[in-house]
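Heads up, the thing below is written out as structure tokens.
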Amino acid sequence: MNAKRSRILSIVSIVVRVVIVLVIVGVGFGLFTALKAMKVEPERIHTEAKGVPVRAITTTTVAVPRVWEGYGTARAMNSATVSAQVLARVVNRPEEIEAGMRVEQGALIVRLDTADTISNVEAAESSVASYAAQLESVEAQDKRLREQIAFAEEEREIEQRNLDRVRNAVRDGAGTETDIDNALAAIRRSERTLATLQQQLDVLPARRDEINSLKASAVAQLALAQENLDRTTIVSPIAGTLQDVYVEEGELLSIGQQVARVVDMTRLEIPLRMPISAASTVRIGDNVELRADGPTASSWEGGVSRIAPEADAASRTMTVFVEVIQDPSVTGIGEAMLLPGQFVLGRVLTSDESQRVLVPRRAVSGDRVMVAKREETTGVDRVMPVDVKVSHHIRGSFPQIDPDETEWAVIEFGLETGELVIISNLDVLVGGMTVEPTDVARASANSGANSDGGGS
């Protein structure tokens, strides 16, 4: 009896559970049906995918100069190495005479001992005075001899007249032959005296020339001694900057020993080596941009001053000499100074110009630019990579293309006029991507505001 009852309760329990499950499922299905019936269909709105906003320029041809590049080392056009010209000891070197200091022309670098040179000057002056005195003595002797010769000639004339009288007297019988002989002897004595005086007078010009020669030599020795005295004061021959000072106070200098080197920084020259093909366009007076060979952004402006007439057959290059003028007193304040010995890259902008397509330099990557091309069917602008060949790069302002750009790439071929070259968001663009280009020059002219799109 108990077993039958347990079996009935078990069946009843199963039936109740099944009924409960069926009720729950029915209620859920009913709720689902009710919610489905209350469902509201959303309104469908048709949207179009927008392209990436970018900045672009419209290509056009402009007159640009041909640019040639070359490398060279700067050198000072005016420099001097000062050397000692006398054997002497340094007795004074001013405190401001140090490497890197500015000196003017004639500024004292060092002063040498003057004891020996002063003695040489005094000895040379004494020699000159002695020879001058000897010349005065010769002149006085010349004057006296001429007076004595005049007296001797008068005496000879007197003796000649006396001889004539004696001969007349002998012819008249008032004299003897002895009187004639005595008169002749007197004439001969006066003639010998006259000859002696004339001989002394004749040697005076040679003596005078000899003394003049000795005096000239003494004057030269005096000038040399005076010059050596002046050389004991060593000054700067030019205005410039001291590169180095090689001597110290108390040091004994020999002739030819280097004392200091002075460099004028105002005018520098750079011989640029560039292809021989540049000879057809490079001219004297062409502008040159010089840049330091390194990571720095230092640059200088110069001009072609001369061109070497011969080319280097081994390297097939020509030499163009560029002159740079700078002011050391202001250079270095906001800009670097071009130094002698500095290796630079030179870019010669020739005066001959040609019509070329320009694009901003940053728009070219790996000889390729991104161009926005419009599809005729959809009217959508899509990115298309275009291979180009860059002839050279220039700096300058072309507001008709892009008013803010200063660095440009000159396209030799690959682009035509009227194309839209993308200059922003280049790092996220790929070929075929939809873009919304904004013409930079047109937007600047119309509104003066920045167009949409990020930087390059």
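Quick notes on this one:
- Within the range 101-125, the set of residues being in contact (Cβ under 8 Å) with a residue 40 or more places away in the chain and in a helix (DSSP H, G or I) comprises Thr117, Ile118, Asn120, Val121, Ala123, Ala124, Glu125.
- Qualifying position, being crowded, with 17+ Cβ neighbours inside 10 Å, in contact (Cβ under 8 Å) with a residue 60 or more places away in the chain and either more than 30 Å from the chain's Cα centre (by Cα) or farther than 17 Å from Glu419 by Cα (or both), among Asp381, Asp352: Asp381
- Any chance Thr417 is in the same structural domain as Arg356 (by TED's automatic domain parsing), of a type in the set (S, T, N, Q), under 26 Å from Ala63 (Cα atoms) and modelled with pLDDT of 85 or more: yes
- Residues being under 28 Å from Val288 (Cβ atoms) and touching a Pro at 6+ places or on another chain (Cβ under 8 Å) - total across the range 356-400: 2
- Of the residues making up the range 49-63, those that are in a strand (DSSP E or B) and surrounded by fewer than 20 Cβ atoms within 10 Å (Cβ to Cβ) are Val52, Pro53, Thr58, Thr61, Val62, Ala63.
- Pairs, first within 9 Å of Tyr131 (Cβ to Cβ) in the range 208-226, second at pLDDT 90 or above and of a type in the set (Lys, Arg), C-beta under 7 Å, six or more apart: none
- Considered as a group, the residues in the range 77-91 that are of a type in the set (Val, Ile, Thr) and surrounded by fewer than 17 Cβ atoms within 10 Å (Cβ to Cβ) include one that is farthest from Leu358 (Cα to Cα), and that residue is Val91.
- Among the residues making up the range 223-240, those that are buried (at least 19 other Cβ atoms within 10 Å of the Cβ) and out of contact with any Asp or Glu (no Cβ under 6 Å at 6 or more places or on another chain) are Ala225, Asn228, Thr232, Ile234, Ser236.
- Only one of Ser315, Ser305, Ser329 that is under 24 Å from Gln243 (Cβ atoms), at pLDDT 85 or above and over 11 Å from the mean Cα position of the chain (by Cα): Ser305
- Residue in the range 64-76 that is surrounded by fewer than 16 Cβ atoms within 10 Å (Cβ to Cβ) and hydrophobic (A, V, I, L, M, F, W, C) present: no
The values are calculated or read from the model by the stated rules, or taken from the named source; none is laboratory data. These numbers were taken from a predicted model, which means no experiment stands behind them. Methodologically, a virtual Cβ is constructed for each residue, glycine included, from the backbone with ideal geometry; neighbour enumeration extends over all protein chains shown.
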